[in-house]
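Worksheet: the structure to be examined is printed underneath.
The values are calculated or read from the model by the stated rules, or taken from the named source; none is laboratory data. Please read all numbers here as calculations on a predicted model, not as lab measurements. We place every Cβ from the backbone using ideal geometry, glycine too, and count neighbours over all the protein chains shown. What goes into the accessible areas is simple: the full protein's heavy atoms, side chains included, and nothing from ligands, DNA or RNA. Shrake-Rupley method; radii C 1.70, N 1.55, O 1.52, S 1.80 Å.
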Amino acid sequence: MAAGHKPQRTCLGCRETFDQHRLIRFVPAPDGTLLVDYRRKLPGRGAYVCARRQCLLQAAAKGGFSRSFKRELRVDGQQLLARVADQQRQTIDNLIGMARKAGQGVGGSNLVLGELQRGSDIALVLLAKDVSAGIGNKVCLAAGNRPVRQPDWLDKSRLGVLCGRAERSVLALRSGPIAEKLLYEFSRYDQIAGDC
């Protein structure tokens, strides 16, 4: 394999070819169900679909998975979307926890507002879904053109757990590889779950 060459795979939905790491991998279970292999770690032959809602639904509806694995598989497109979105949420949660452990996160509304007002190198701001409107508005205003996300599954309790605290309503992530990966995963999540 030439240096810099990345494996390519074809999406079962749109039939376009992409670098393998940009696609979502699926593998069949012995019972005929389809497993989402979001981290690409499961053994065996895999089939790939773009991280796009339409491609996943098309692959499920047109029997793409059964053809790819040359066996009948029970695939419900809506259930598959839900399972992919669940694995994406887990991935995002894990990245938030990694950011905390790496010292890349700043938690709490006052600390985050201070960092934003000082012009610190903040790449992403997360708001709990149940943050008060007043705090949410202040943070959004102070964030300026920085991305602000308010994930529908992260309430103050859950964000607090990920940050190693009782509760957190706001978390800012400093620029770096973890923040870049989080932004990437959020964009993929939007393409799968954005219209749910």
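The residue of segment 1-14 that is surrounded by the fewest Cβ atoms within 10 Å (Cβ to Cβ), among those that are of a type outside the set (Ser, Thr, Tyr) and not in a loop (DSSP other than H, G, I, E, B), is Gln8.
Just to be sure, is Leu116 assigned to a helix (DSSP H, G or I) and touching a residue at least 40 places away in the same chain (Cβ under 8 Å)? Spelling it out, Leu116 is indeed assigned to a helix (DSSP H, G or I) and touching a residue at least 40 places away in the same chain (Cβ under 8 Å). The condition (being out of contact with any Lys or Arg (no Cβ under 6 Å at 6 or more places or on another chain) and within 30 Å of Thr33 (Cα to Cα)) is satisfied by just one residue among Gln88, Gln191: Gln88. Looking across segment 15-65, the residues that are among the small types (Gly, Ala, Ser) and surrounded by fewer than 19 Cβ atoms within 10 Å (Cβ to Cβ) come down to Ala29, Gly32, Gly44, Ala61, Gly63. Hey, any hits in segment 61-76 for a residue that's modelled with pLDDT of 95 or more, closer than 30 Å to Pro30 by Cβ and out of contact with any strand residue (DSSP E or B) (no Cβ under 9 Å at 6 or more places or on another chain)? Looking for residues that are modelled with pLDDT of 95 or more, closer than 30 Å to Pro30 by Cβ and out of contact with any strand residue (DSSP E or B) (no Cβ under 9 Å at 6 or more places or on another chain), one finds none in segment 61-76, hence no. The residues of segment 163-196 that are at pLDDT 95 or above and in contact with an Asp or Glu (Cβ under 9 Å, 6 or more places away or on another chain), listed by number, are Ser169, Ala172, Arg174, Ser175, Gly176. Here is the figure for segment 66-99: residues that are in contact with a Leu (Cβ under 7 Å, 6 or more places away or on another chain) and open to solvent by 30 Å² or more (accessible area, probe 1.4 Å) total 1.
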